[in-house]
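Have a look at the structure below, then the notes.
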Amino acid sequence: MSERLVIDPVTRIEGHLRIEAQLQDGAIAEAWSAGTMVRGIELILRGRDPRDAWAFAQRICGVCTVVHAVASVRAVENALKVTIPPNAELIRNLMIGAQYIHDHVMHFYHLHALDWVDVVSALKADPKATSTLAQSIGSHPQSSPGYFADVQKRLKGLVDTGRLGIFQNGYWGHPAYRLPPEANLMAVAHYLEALAWQRDVVALHAILGGKNPHPNFVVGGAPIAISIYPEHQGQGKGPHYRGGQGGTTLDVVGLERIQAVIASMKSFVDQVYVPDTLAIAGFYKDWFKQGEGLGNFLSYGDLPGKGIDDPSGFLFPRGAILNRDLSSLHEVDLDADDQIQEYVAHSWYDYADGKDKGRHPYRGETNIDYTGPQPPYRHLPVEQAYSWIKSPRWKGRAMEVGPLARVLTLYAKGHAQTKELVDMALKKLDLPVTALFSTMGRTAARTLETKILADAMQGWYDQFVANIKAGDVSTFNEALWEPSSWPRHAQGVGFVEAPRGGLAHWVVIDDGKVANYQAVVPSTWNAGPRDPQGQPGAYEAALKGHAVHDAKQPLEVLRTIHSFDPCIACAVHLTDDNDDAFAARVL
Amino acid sequence: MKRPAANNIGSALREAGISRRDFLGFCATLAAAYALPAASVGAIAAALEKAPRASVIWLSFQECTGCTESLTRSHAPTIEGLILEQISLDYHHTLQAAAGEAAEQARMEAMRANAGKYLLIVDGSVPLGNAGYSTIAGVSNVDMLKEVAQGAAAVIAVGTCAAYGGIPAAQPNPTGAVPVSAVINDKPIVNVPGCPPIPVVITGVLAHFLTFGGLPELDDLGRPKIFYGESIHDRCYRRPFYDQGKFAETFDDEGARRGWCLFKLGCKGPVTYNACATTKWNNGVSFPIQSGHGCLGCSQPGFWDMGPFYKALSMPTANVEKAAGIAAAAGVAAGAAMAVANRGKKAAAKAAHAPVTVEDLEKKP
């Protein structure tokens, strides 16, 4: 029997994603991934001051609230050959690292957990047994029977009203939920705790960037000056402190607060996130055998220790892995015209020289060309264009980006801590290395890299404090700030390993203005549609073969899609120059 | 098992074992936001306890999820308090468990059961250029907005995109993006702009609706005066430096390190109305100017096209530095006098907005 499954909206993600799948005898024969919203931010960026571009690009996504801004300032710095002071590099690393830890924890508890955790089942849990379970897997201090009894009571209060709010119509009681009630209650407790934790740890972004979401950045360094004068110390204190004369948030009090956030991040990751991931994964070992998809993985690399131009100092290395082969890491060149190219054969855009050719982002173009059905519609014509997302390819191949790609790259490079963490997890779960190529492998990789970052944060912070103590308080390089110091034509690429994977912005600057701006983002790689050769994107490939127990409750599809942590506003924003239009404009 | 009697906040709280302290914390924040005396907290609490959990439907259109992220950062009320005890968040893509058909059913059911009473919150602009530019469940944004607004008690347009069009409507507005108010004209609309809005401003407006059952007083741009009544510049802790003509010239010169005014680096604080300088961000940790970057003006209509961001505003007093310098040199110390006057004003305002803490409340009989 053949049946078309449509999931729209795919919820607990960022943005507007639609999945259509052809079910054959209860399993997915083919799947199609479609982004259903476009804004056209690159078109809006044209003609702007390149120093302003980060603020526009940042609004590509409010979840990945740091990484687009960093990619943008790096692209402009790369184009104009601006170097930034070591302190600015450390501030950016701290902000990127904090973004990862915050975002991965929220993804696990607030977006992904409900695929594995039956909230209503938690009402049946014995709080004392839950306490015993919690204490057996981790060292989190909040684990008494009374604590879990309180959470259960709070949840019961909600369920008893008969109005579940965000939990309404969840797939509670679906046979694919396999956690015992106690594990469900523990996870619900941590869902709520993580909500409270996350709003506190963003203080790091607020100190260094003024606010979160959407903290501030600047081309040439970091906007925040270090408040070094003794009479100005203490401006950052207290929730209702209204400020007084002098200083910035980055003073003694601000530094202490950053240190406290780093400690809080580390303890939550060590005591709650890592143990919960391993505990939940242990009940779903069959999900280490499905949902792999492409088997090709790509990382741009990031978190520089010796400047952004020296990949040898990156914490996350650069490289491509093909066909699961961890023995050879292929070199990746973001500037090479024949490596990264974007296709639009199945996207609602047109290219001047036809829809079937690929284009490197420096000469990329996108002309909005909606050929889909007029709403309201039931199905998308998947044999034609069906998405606002393009199809990026590396040397013609579809690639997966994200935590799994990074962990595999680190593993292939022989990174000691990664090897130790991966081997520990596999041993604990009694699984082979090949188990990583899966839905749960992706989810576990996200947790393990969070641990690596939580540990790295302290090193960056210590180095930053040591620099200040040694008298280096420089945070900004103003040498090339004025447009009069720029060449008439320049182009550059800025890359970031974002929480969801490799992200890069390409910018062309002519006469001091943005002439072309292209972003190829993690969810473009992962969520993109088929290319002209019919090769599916990572989501589409990963869903193939999934058994779906009940088409009205497509829990299995959500598990695999959520394991990628979709971010669709990121993936879909691509509207930019075509050469003719640009020529017309400059004339 | 299901007892519909527990369908109001007070009984839900008691059954859920929420501490009185937590609840009063929420009420105190509300009182502080509205500059009400501490004694009014009891009345707020009483009103809230009798109110049923309002149904809230949240629609996301051309947006980046920054507004939802901001909602989750609110310290009082907290997101977990809101979703468990204070509202019934019946449709919200980022947070809800159900997907696809089950999610759409939840929306339909909430609209039916709470017709005329539910609150509609929208983030993101609506593209009018082509219905296919943004769809949910195969339905265009404009159709879904009209459908849900019809039975709503009121609409809150959260974020500058929903309030004024925001970044999708920045030139050349490739998708024909418009704000909520361009589509809906027969319902009360509150604009809560900001890119994103301050977390406690989003929840503060929600709390006002829950407490008083109506909408707060609005300015001529549809914003609640309570949060958008004063310019960033007037409440900025660096304002005295502006008055004295002391400016940072670049991002890490002595002026920047001493926290001098960011006017010359393009700060849009003088023309931007928002609560950043008073409530600050993320539990009062900082706000953009305190962290060294000028205000982008993100709560003003059309701010994306008012740049460049690093170009100094042309103010009525074209050469502020010179003006202040002459005043000081003349021995009149006009600049300093202005600063003193400003401090006086700030102190008064500060007194009026004195935060009411739970500790304060517990001291009362």
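Overview of values
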item	result
Residues of region A:217-231 classified as in contact (Cβ under 8 Å) with a residue 40 or more places away in the chain and in a loop (DSSP other than H, G, I, E, B), total	9
So residue B:253, is it out of contact with any Pro (no Cβ under 9 Å at 6 or more places or on another chain), modelled with pLDDT of 95 or more and more than 27 Å from residue A:221 (Cα to Cα)	no
Residue B:203 being surrounded by fewer than 19 Cβ atoms within 10 Å (Cβ to Cβ), within 14 Å of another protein chain (Cβ to nearest Cβ) and either more than 16 Å from residue A:210 (Cα to Cα) or modelled with pLDDT of 95 or more (or both)	no
Residue within region A:6-14 that is of a type outside the set (D, E, K, R) and part of a strand (DSSP E or B) present	yes
Filtered residue count, region A:429-450, keeping only those that are under 20 Å from residue A:113 (Cβ atoms) and surrounded by fewer than 20 Cβ atoms within 10 Å (Cβ to Cβ)	1
Enumeration of residues in region B:252-282 that are surrounded by fewer than 21 Cβ atoms within 10 Å (Cβ to Cβ), farther than 13 Å from residue B:297 by Cα and in contact with a His (Cβ under 7 Å, 6 or more places away or on another chain)	none
Residues located in region A:337-368, provided they are exposed (fewer than 14 other Cβ atoms within 10 Å of the Cβ) and touching a His at 6+ places or on another chain (Cβ under 8 Å)	A:337, A:338
Some residue of region A:168-183 being over 30 Å from residue A:7 (Cβ atoms), of a type in the set (Asp, Glu), touching a Ser or Thr at 6+ places or on another chain (Cβ under 6 Å) and modelled with pLDDT of 95 or more	yes
Options A:434, A:409, A:418; residue that is in contact with a strand residue (DSSP E or B) (Cβ under 8 Å, 6 or more places away or on another chain) and among the hydroxyl-bearing types (Ser, Thr, Tyr)	A:409
Any chance residue B:116 is under 30 Å from residue A:40 (Cα atoms) and either within 8 Å of chain A (Cβ to nearest Cβ) or in a loop (DSSP other than H, G, I, E, B) (or both)	no
Selection within region A:369-428 - among the aliphatic types (A, V, I, L, M), surrounded by 24 or more Cβ atoms within 10 Å (Cβ to Cβ) and either over 22 Å from the mean Cα position of the chain (by Cα) or closer than 14 Å to residue A:526 by Cβ (or both)	A:389, A:398, A:399, A:401, A:404, A:405
Qualifying residue in region A:71-87 (condition: away from every other protein chain (no Cβ under 14 Å), part of a helix (DSSP H, G or I), aliphatic (A, V, I, L, M) and within 24 Å of the chain's Cα centre (by Cα))	yes
Top-ranked residue in region B:128-184 [being assigned to a helix (DSSP H, G or I), within 9 Å of chain A (Cβ to nearest Cβ) and in contact with a Lys or Arg (Cβ under 7 Å, 6 or more places away or on another chain); ranked as farthest from residue B:194 (Cα to Cα)]	B:168
Failed criterion for residue A:169 (all others in (1) part of a helix (DSSP H, G or I); (2) under 30 Å from the mean Cα position of the chain (by Cα) hold)	(1)
Selection count, region A:339-356, where residues are over 17 Å from residue A:384 (Cβ atoms) and at pLDDT below 95	2
Residues satisfying the stated conditions in region A:295-322, i.e. under 19 Å from the mean Cα position of the chain (by Cα) and in a loop (DSSP other than H, G, I, E, B)	A:296, A:300, A:301, A:303, A:304, A:314, A:315, A:317, A:318
For residue A:101: the one exception among (1) more than 10 Å from chain B (Cβ to nearest Cβ); (2) touching a strand residue (DSSP E or B) at 6+ places or on another chain (Cβ under 6 Å)	(2)
Some residue of region A:232-239 being outside any helix (DSSP H, G or I), modelled with pLDDT of 95 or more, at the interface with another protein chain (Cβ under 8 Å from one of its Cβ atoms) and touching an Asp or Glu at 6+ places or on another chain (Cβ under 7 Å)	no
Search result, residues across region A:338-361 that are touching a Lys or Arg at 6+ places or on another chain (Cβ under 8 Å) and assigned to a loop (DSSP other than H, G, I, E, B)	A:338, A:339, A:344, A:345, A:346, A:351, A:358
Region A:11-62, subset buried (at least 24 other Cβ atoms within 10 Å of the Cβ) and acidic (Asp, Glu), residue nearest to residue B:169 (Cα to Cα)	A:42
Top-ranked residue of region B:185-200 - restricted to ones that are away from chain A (no Cβ under 14 Å) and either out of contact with any strand residue (DSSP E or B) (no Cβ under 6 Å at 6 or more places or on another chain) or not hydrophobic (A, V, I, L, M, F, W, C) (or both), ranked as nearest to residue B:284 (Cα to Cα)	B:191
Residue that is modelled with the lowest pLDDT [pool: residues in region B:53-81 that are touching a strand residue (DSSP E or B) at 6+ places or on another chain (Cβ under 7 Å) and more than 9 Å from chain A (Cβ to nearest Cβ)]	B:54
From A:209, A:173, residue being within 11 Å of another protein chain (Cβ to nearest Cβ) and among the small types (Gly, Ala, Ser)	A:209
All positions within region B:133-144 that are surrounded by fewer than 23 Cβ atoms within 10 Å (Cβ to Cβ) and either under 16 Å from residue B:58 (Cα atoms) or hydroxyl-bearing (Ser, Thr, Tyr) (or both)	B:137, B:139, B:142, B:143, B:144
Candidate set from region B:283-326 (those that are over 19 Å from residue B:160 (Cβ atoms), of a type in the set (S, T, N, Q) and in a loop (DSSP other than H, G, I, E, B)); member that is modelled with the highest pLDDT	B:283
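Yes/no matrix, rows are residues, columns are (1) surrounded by fewer than 21 Cβ atoms within 10 Å (Cβ to Cβ); (2) among the charged types (D, E, K, R):
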{"position": "A:80", "(1), (2)": "no, no"}
{"position": "A:89", "(1), (2)": "no, yes"}
{"position": "A:97", "(1), (2)": "no, no"}
{"position": "A:105", "(1), (2)": "no, no"}
{"position": "A:123", "(1), (2)": "yes, no"}
{"position": "A:157", "(1), (2)": "yes, no"}
{"position": "A:167", "(1), (2)": "no, no"}
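Listed here are the residues, each with its yes/no results for (1) within 30 Å of residue A:46 (Cα to Cα); (2) surrounded by 24 or more Cβ atoms within 10 Å (Cβ to Cβ).
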| site | (1), (2) |
| --- | --- |
| B:153 | no, no |
| B:167 | yes, yes |
| B:177 | yes, yes |
| B:188 | no, no |
| B:212 | no, no |
| B:215 | no, no |
| B:226 | no, no |
| B:250 | yes, no |
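The values are calculated or read from the model by the stated rules, or taken from the named source; none is laboratory data. Here the structure is a predicted model, which means the values were calculated and not measured. Counting neighbours? That spans all protein chains shown, and the Cβs are built from the backbone with ideal geometry, glycine included.
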